[in-house]
Structures are given as structure tokens and as C-alpha cells.
1. What nm value, rounded to one decimal, do you get for the distance between K153 and A40 when each label is placed 7 Å out toward the C-beta?
2. So which trypsin sites (Lys or Arg not before Pro) in the stretch 1-110 pass both tests, a DSSP loop state and at most 13 other Cβ atoms within 10 Å of the Cβ?
3. Which of the GluC sites (Glu not before Pro) found in the stretch 83-115 are in a DSSP loop and have at most 10 neighbouring Cβ atoms, other than their own, within 10 Å?
4. Return the loop-located GluC sites (Glu not before Pro) in the stretch 218-277 (DSSP other than H, G, I, E, B) with at most 10 other Cβ atoms within 10 Å of their own Cβ; answer none if there are none.
5. Which entries of K80/K179; K264/K369; K23/K352 have Cα-Cα distances beyond 32 Å here?
6. Using the Karplus equation 6.51 cos²θ - 1.76 cosθ + 1.60 (θ = phi - 60°), what ³J(HN,Hα) coupling, rounded to whole Hz, does each residue of the stretch 470-476 give in order, writing x for Gly and Pro?
7. If the viscosity is 0.890 mPa s and the temperature 25 °C, what translational diffusion coefficient in µm²/s does Stokes-Einstein give for the stretch 72-183 when Rh comes from Kirkwood over Cα pairs?
8. Could you state, as a whole-number percent, how many of the C-alpha pairs of the stretch 153-260 are farther apart than 16 Å?
Amino acid sequence: MNLQLSNLQLADIIPRQDSLDFKGVMNGDLEIYQKDNLYAPNLDVAIEDFEFNSVEYGEFMLKVDGNKDLSSFDIRSELKRNNETLLNALGSVFTVENDQYFDVDMNLNEFDISAFSNFGKDVISNIRGNATGRVAVTGKISDPFFNGELKLKEAGLKIPYLNIDFDFENNSSIGFDNKDFIFDDIEDTDVKYKTKGILDGRISNQNLEDWFLDLNLASDNLVALDTEFKEGDLYYGTAFINGNASIVGPVDEIEINVNAATEKNTIFKIPLDDSESLGDNSFIYFLSAEDKLSKEAGRKIRLREVKGLSLNFDLDITRDAEVEIVVDPVNGSSLKGRGAGTLLIEINTNGKFNMYGDFVAYEGEYNFKYSGLVQKRFEVVPGSNLTWNGDPVRANIDVQAKYTTEANPAVLLENPTVNREIPVEVLINLGGQIVQPDIEFSLNYPNLSSVVKSELEYRTLGRENTELQALSLVTQGTFYSRTGLGQNAITGNLIERASGIVDDIISKQDNKFKLGLNYQQNDRSLTQNNLADRVGLSIKTQISDRVLINGRFGVPVGGVTESVVFGNVEVNFLLNETGSLRANVFNRESDIQFIGEELGYTQGIGLNYTVDFDTFKELIKKILDEEYKKVQLKKNTEKKKDIELPSYINFPTRENLN
């Protein structure tokens, strides 16, 4: 029998299957000679425009010669593109006790492996690169063994769920040991940020169907998350880690376990959203015709098990990381801070998201925005903390935020000698759960003389009165008076929003330089001296790790005198590494300006030292006892991880939590 094949479409012979798609045009001959019980089969075909999973490989040639009883076939195949051999295979396929076996040697030369991306499905994508080397294939056709080694060039892969794409180092080696594919210390680099890590471990299989991963990724600074906000997302942000990540499990149920400390530029965001939606139809199973018949017959229907990717982050949060709670994604209001803590985060692709642990902030801010016009920035007081016990949006909160403004207290004091605006701090204490916190207000007057401060505190006594003044200061920038609202109640919000826009445009992302527009509209009333408005700039910058400058400069406008330059400047020098010893130089406006007098200033220099202690005896030891300092220094150097904490931070250790 002689069968000639002409322009036969490969897709018509090999139907499309899951992760397998062949295309090409087949031409060739199939000859079978039989006499009595003796056979002489021969196959010689060529497939032009050969494609595997949409990757063009060129021309594939296959020659097969069978033995007399059809129990063994010799195979010779070659894959060429532009007269260059990408793959050739030489060996045999034979039968033993009704089972078919392989014994084939394959040689690869710059073979494109991107066609295997389909096997990774939604867990691993964009598998790419060229492979060169030799692999021997033996054993059953349905469950073969692989032995050999391949060198990779321009290779890499992507993890879509984390939105991270890695490039592998050129000439990286993948070993084949029976059913295991071995990754031996492959250096990988993420495409976007160029951070590096080392990958090792193995991937095993059964019958080329059940694939199991056992990989480990180690680095001192590697991006582990890089996602942007999408509607319905439980979390997003960018995370850089110093530690290890293990990737374990079957490909349809992979578990990634990260045990690491956060590194610089880490920003982890949690949007608060009380709406619920079903965004994954994997939870819905539609009955087929066979299922309906089985149900009518009383037989049990076996539903497909819902699987997915699981991630467990066991993180030591360092001062390099920023944690942000997005309170209002529509307007952009958020609570964010930097600090220290320990967090265990459990996530999977089926909607699970749990958080456990503590986070203590040493700096931060609550940025309140509304309708594009109102923007208020509250500074988080050091020592504020968040505690998670499962649900990330129901964290227990113990936060004190400070809003700083300037207001004229004359409407309360009814004293004509006090006729200019003074600095006022509105303190907001948040407790309970973060989705519905308990709120308390208090007021503080920094750099104010004791006489005026005492009278102001008396005028604002009582919780109801304090809340009324605090809300008036935050929303209008003025003290509340029954006689009416200050003229700058509305314009103050607009001016502050303009200042926020200028700050967003000019300020650097590292927060070491902030520049804001400042316009101060003074109250004009019959009982008060009409003062000029003020326009100027506020500057906050960090010249170096040891020198910090805060200042405000400007000129009065709309008054009698417009030639005076006013300003407050404070320069802080950190005299030791921890910042507990500081020197400062300042120039500020005097607290009170009497009618008819020119604007006065106060200058000064200072030195302060901060130390925490539980007893007076401990304080004396810390200051004077050198031996005590040596013991404490030795204890600190013996710690496995050195996380620098401010003196006021104190939270439970892992042992206490267990």
C-alpha cells in the first residue's frame, strides 16, 4: 500500500486540545509492504509552515521505518528555519507487553520555548527565550523520563497575579533528572525596576499532565508586587522585599509563601470598600446534559473543585515601607504612614484576604479630599498604631492625627491687644475599628504665651465646645463665634486646595522637598484692627540626613504697608544617628502684636536630648552608666534583624502573639 499525502492541513489531523494547537501543511508518503506475517512500513513526510501554539517554527521533517513485526520504529526528525536546524531527534519507539516506549535523543539549537506559555495558564505567562542543549527521552510514551541539560538565552517569564516580569540571566541552566526539571541558582532580574534574585528548585510531573512546583526565590532587594488599583481589588501597590519566597504546589493550586522584610519604596495600599460583588464565575457551575440526566437518575454530580493561586506574606515592616489605607478611592482620601511592625497577609485568587499583626507609625498623614475643592492634610502623631485580626478593613485603630492651621483668637478673647493669627493644632484621636472609628478632638497652641494660652483653654472647655471649635478650625480656618463666620471661611478652603496643587506639582516623590503656596486672609471686623492679608511660600526640605529646614516667607498685601517681609524659619541639626540629640536655630514672629506697633520677632538657639525610661533610676543609668550602654549595644548587635525603631514604638513580639 502506498499512500500519498498532499497539502494536508495538520489542524484537521490533530484536533485542538487544551494548551496544544498544531498548524501546518503536510506532504509526503506512507508505504506499507506486507508478505505473510512480515511488514516493511515506511513514513516520509514534511510539514511546511509548522506552528505550535501560534509560534512559527519553519519546516518539520519526519522519517519513520518499522521492523518486520511492527514492534519497533526507528525515528529521524528535524526542525529547520531559514536553513538553520532548531531541533533534531534520533531514536526509536518500541512496544513491550502492549505498552509503547521512547528511546530518543533530542538536540536543540536556539529553540524558541515561548510556545510553552500556554501550559502556565493564568499562573505563569509570557514564557520566553531560546534553549540549546541535549535531552534524552526514555520510558513510556504516556509517562516519559527526561535526562540532560539545556542552556537558556534571553529567557524569562511573568507572574500576572503579581504583575511582575522576570528576565533570566543568559546561559542559565535547566537540568533534567527523570521526572524533575531542575533550576540551579538562576539569577533573575525584574524587567521594570531591575531588582535581582536567585531562583532554585525543581518542577516535577506525572504523565506530562500533573505538574508540581517546588521553587525558592531569594534576594536582598526584589520586587514582589507591582499592581495598580482596579475596581473590586482587595489590595494593590508596590512591594520590595529582603528575604525568601517559596513557590509550591500543582500549577492549578500554587501557594507562594514570602518570609521577608520590606525594603525602600514599598507602598502597600488597602482600599476601604463596603460593596460586594461576584467577579469570578469559577464559583458558578452550569449543569451539562449528562449532569441533568445523572441528577434525574438520582446519581451524585461531581462538581469541579475551585482552585487558584494562594499567597502568604509573613513580613517585617521596616521604616522604608509605606502602608496606605485608601478611605475614599473616588475622591482620593487616604491614611498613610511609615513605621514598623509584623504582618501576616493571606490572599488567594478566589477572594480570600486576611491580615494579622501590628503596625506602629512613626510618621504619616491623613489626606482628606472632597470634590476636587477641599483638601486637608492631617499629620499622624508618632506612636499611632493599627492592629489586624483577620478582616483588613476592620482593623483596630489607635491613631492621633494633627491638623495645623493659623487662626485669630480675638473672637473668643475679646481682647484688642491680641489681633493677629496664631498657630493652632487640632488633635483628632481615632479609636475602635477603622471603618467606623470613635472620634475625639482636642486643641493645642504651640509657642503661645502662658497667659493667652490659659485664657484660650478656658474659653474652649467642655467636649461639645472643643468639638465645635475643632470643626470650625478644620473646615473654615477660624475659631467659631456666635457673631458670625470669618470672611476667610470659604476662600480659605480654595486657597488651601491651590496650595495642595502647587505642592503636588513641585514636591519630589521622596518627600525631602515640599513647596506650598500660602495666602492668609485676616479677619476684618468692627472690633479688630484691620490687618493686611499675606501671600507667601512655605518650604520644608531636608538638605542632608542630618539637616532639616522648615520655613515660611512672604509679604503683606492690601494693607497700609506692603514693604515688610515676614517669615518664620527653623533649622534642626541631628547630632547623632538616632536623632535623639538635636540642636536648633529659629526665627519666628512674636506671639502678640499690639495696635500701632511693628511686627516683632523672636530668635533663639537650643539643644535637646530625648530618652525613654520607665524609672528615674533607669534614666540615670542611660545617661551616666557607660557599662549599661555597652550591654545594650551588645544585645542589639546579636539580633538577627536590625529594624531601627523610634523610642516611642513598642509592640508585641511573635512569641507574645503565639
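The values are calculated or read from the model by the stated rules, or taken from the named source; none is laboratory data. Predicted, not measured: the structure shown is a model, and the values here were computed from it. Using ideal geometry, Cβ is built from the backbone for each residue, glycine included, and neighbour counts are taken over all protein chains shown. The accessibility values were calculated without ligands, DNA or RNA, using every heavy atom of the protein model including side chains. Shrake-Rupley method; radii C 1.70, N 1.55, O 1.52, S 1.80 Å.
1. With each label point 7 Å from Cα toward Cβ, the separation is 4.4 nm.
2. R16, K68
3. Values: sites: E84, E97, E110; in loops: E97.
Here the sparse-neighbourhood loop sites are E97.
4. E228, E231, E276
5. K23/K352
6. With the stated coefficients, the stretch 470-476 comes to 4, 5, 5, 5, 6, 7, 10 Hz.
7. Roughly 159 µm²/s, to the nearest whole number.
8. Counting every Cα pair in the stretch 153-260, those more than 16 Å apart make up 62 percent.
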